[in-house]
Amino acid sequence: MSRGALSGCLLLAGLLVMPGAMAASRYYDIEPVEVAADTYVVFGAQENFNDANHGAIANTGFIVTDEGVVVIDTGPSRLYGQALREAIGRITEQPVVQVYISHAHPDHFLGNNAFDDVPIAALPGTIDAVRAVGADLAGNLYNLVGAAMRGTSAVVPDQTVEAGTTATFGDHRLQLLAASGHTAADLMIMDTTTGVLFAGDIAFHDRAPTTPNADIDAWRAVLAQTREREFAVLVPGHGPSTPDDAPLSQTGDYLAWLVDRFTQDANDGMSAAEVMFQPLPERWARLAVQPGEYRRSVSHLYPAIEQSALPERTE
Amino acid sequence: MNTISKTLALMLLVLAMPAAAAASDDPLDSSQWRYMLRQYFPDAKVVFDDRVRVVAPDYAEDSLATPVQVRAEGLEDVERVLVLADHSPINPVLDYYPVRAAPAIGFHFKVQQATPIRAAMRTADGTWHVGGVWVDAEGGGCTAPSVGSASPLWESRLGEVEGRLWARGDRSQRLKFRVVHPMDTGLAAGIPAFFIRSVTVSDADGRTLARLEPDEPVAENPVFALDLKHAGAVTVEGRDNNGNVFSARIPAPAS
């Protein structure tokens, strides 16, 4: 290859990289908030996916250690992941050395493209789900969000998290807690050094929980167990972090109310559309993304509950 | 009267007339409405009417089963309820004859793409009263195979009916029933159309209370909610487009 052709290629590569970097900062305004020593959270919009928030609706986080930066969730797109990485670079010179993915929902893992030079770890159930439906989830988000998704594909995590193990980075000891309920595999990370619990979407705060892959009984059991834990700061998957267990109790109360309401409505003979368009009690109407999220939950949960209110088989 | 006041009087007269359903005044502003009028209501009087209520989510979370509830508020003498989706490979969704029942039905349907979902209610004078809403969707519901078509399990349960009645005031009952059926549209490659064609609900004396004719877009293993003007047990009988029949007696509500 001639020198001219080579520099042409380098120039071309430069052109390809530069617009991406510019675009990332144009779409995503990443402002990490220090919630504990060495520990930062980028809070997502308390909204549904739209072309104004570019899909950035979930919280992402990172821990700066002497042995590199640990990233927890990568956001909704390649450009978000790039912007997150740039924001980390403004805070520390430490390189990103590890990524953990809490679960296989598109707002949490589709930024993996920007971290494909780093080990990306997740629970086995999360890896299976990204492999099975990741491309569909990415396609759906392209439809909902638009141009900010460009260059995004479903990167399957390449490292398996073994439940109950501990990982150490510098002086940060991270307990890797396997749970389920929000999805079939939900990773929570407890930093025993700072007392920060990254709860993923096991906990929602002032935002209605999403239920497309939920097992409500399992989810409520995990919430009850997690309330017994000692922690200094709880970082939910959506909504503000807290020093107390408010996101856990709020999520648990909402799920309990949801099942009670659907069971009662099914036993009253209501159709799914009638259930969808009932007014919500004040406590649950004022959560972000209502009543839309409640209506989605009718689609997810009511069919099975409705069927259980019909006799087994009518002769 | 000068020309201006004549014009004004004429305009007022036009405004006072019931809204005739010309293509231009479709409240849902659907490009397909002119075709729908021609295809499904040739030579009929059609009016948009707020008393015809269609309740459905603005986004189809599940394109294979999107809930819809149709009902009339203060519209009497409804003889037939036609549910239609403008932007669907199969426009008719369901045809309902509420013989001794309220003009109200709840069920789930398949959504192929963003579409108006409409109910047209024909009153005794022959006029069609139309209401509806838009449902946005990721879509693909009509061209996807049924879950049942991928598993042999449904064959042994085909036509099983689960049903229940609820008393709703004096001589009025909510009937809800579910029928095990794949409801294949015929638009998924290699899977022929296979769907429930007719269902009749009758009382103990064999009098028809309600009759419905589902079309292909009704969801798999359909659940129907009807409001009968009748107290006591009923019989549900139906057949699909392959001639399979099913029937079940639904006992009167406990209490």
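The values are calculated or read from the model by the stated rules, or taken from the named source; none is laboratory data. From a predicted model like this one, the values you see are computed outputs, not experimental measurements. Counting neighbours? That spans all protein chains shown, and the Cβs are built from the backbone with ideal geometry, glycine included. Areas reflect the complete protein model, heavy atoms only, side chains present, ligands, DNA and RNA absent. Shrake-Rupley method; radii C 1.70, N 1.55, O 1.52, S 1.80 Å.
Name the residue, out of B:210, B:248, B:254, that is part of a strand (DSSP E or B) and within 14 Å of another protein chain (Cβ to nearest Cβ). Full working, then the answer.
Values: B:210 fails: within 14 Å of another protein chain (Cβ to nearest Cβ); B:254 fails: part of a strand (DSSP E or B).
Just a single option satisfies the conditions, and that option is B:248.
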Please pick out the residue among B:53, B:80 that is under 20 Å from residue A:278 (Cβ atoms) and either away from every other protein chain (no Cβ under 14 Å) or not in a loop (DSSP other than H, G, I, E, B) (or both).
B:53
Is it true that residue B:148 is within 12 Å of another protein chain (Cβ to nearest Cβ) and either closer than 30 Å to residue A:137 by Cβ or touching a residue at least 60 places away in the same chain (Cβ under 8 Å) (or both)?
no
Output the residues belonging to the range A:27-86 that are on the phi > 0 side of the Ramachandran plot, more than 16 Å from the chain's Cα centre (by Cα) and among the charged types (D, E, K, R).
A:38
Name every residue in the range A:29-47 that is surrounded by 17 or more Cβ atoms within 10 Å (Cβ to Cβ) and either touching a Leu at 6+ places or on another chain (Cβ under 8 Å) or free of Cβ contacts under 8 Å to residues at least 60 places away in the same chain (or both), in order of residue number.
A:30, A:32, A:40, A:42, A:45
Mind listing just one residue for me: the one in the range B:185-195 that is crowded, with 20+ Cβ neighbours inside 10 Å and not polar (S, T, N, Q) and, of those, farthest from the chain's Cα centre (by Cα)?
B:194
Restricting attention to the range A:207-228, which residues are in contact with a Leu (Cβ under 7 Å, 6 or more places away or on another chain) and either surrounded by fewer than 16 Cβ atoms within 10 Å (Cβ to Cβ) or without any contact (Cβ under 8 Å) to a residue 60 or more places away in the chain (or both)?
A:219, A:220, A:223, A:226, A:227
Residues that are touching a Ser or Thr at 6+ places or on another chain (Cβ under 9 Å) and outside any helix (DSSP H, G or I), drawn from the range B:146-162:
B:146, B:159, B:160, B:161, B:162
Can you tell me which of (1) part of a loop (DSSP other than H, G, I, E, B); (2) more than 14 Å from every other protein chain (Cβ to nearest Cβ) is the one residue B:64 doesn't meet?
(2)
Residues that are among the acidic types (Asp, Glu), surrounded by fewer than 17 Cβ atoms within 10 Å (Cβ to Cβ) and in contact with a helix residue (DSSP H, G or I) (Cβ under 9 Å, 6 or more places away or on another chain): does the range B:50-73 have at least one?
yes
Looking only at residues in the range A:274-307 that are acidic (Asp, Glu) and more than 8 Å from chain B (Cβ to nearest Cβ), which one is nearest to the chain's Cα centre (by Cα)?
A:293
In the range B:162-201, what residues are without any contact (Cβ under 8 Å) to a residue 12 or more places away in the chain and either of a type in the set (Phe, Trp, Tyr) or within 12 Å of another protein chain (Cβ to nearest Cβ) (or both)?
none
Of the residues that make up the range A:152-161, is at least one open to solvent by less than 50 Å² (accessible area, probe 1.4 Å), in a helix (DSSP H, G or I), touching a residue at least 24 places away in the same chain (Cβ under 8 Å) and away from every other protein chain (no Cβ under 14 Å)?
no
Verdict on residue B:23 being away from every other protein chain (no Cβ under 14 Å) and modelled with pLDDT under 95:
yes
Quick check on the range A:81-96. Is at least one of its residues in contact with a His (Cβ under 8 Å, 6 or more places away or on another chain) and open to solvent by less than 10 Å² (accessible area, probe 1.4 Å)?
no
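Which of the residues spanning the range A:263-279 are assigned to a loop (DSSP other than H, G, I, E, B), out of contact with any Gly (no Cβ under 9 Å at 6 or more places or on another chain) and within 15 Å of residue A:307 (Cα to Cα)?
From the range A:263-279, those assigned to a loop (DSSP other than H, G, I, E, B) are A:268-271, A:277-279; that's our starting set.
Filter once more, keeping what is out of contact with any Gly (no Cβ under 9 Å at 6 or more places or on another chain): A:268-269, A:277-279.
Scanning the range A:263-279 gives A:268, A:269.
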Could you list all residues from the range B:136-177 that are open to solvent by 60 Å² or more (accessible area, probe 1.4 Å) and among the aliphatic types (A, V, I, L, M)?
B:147, B:150, B:153, B:167
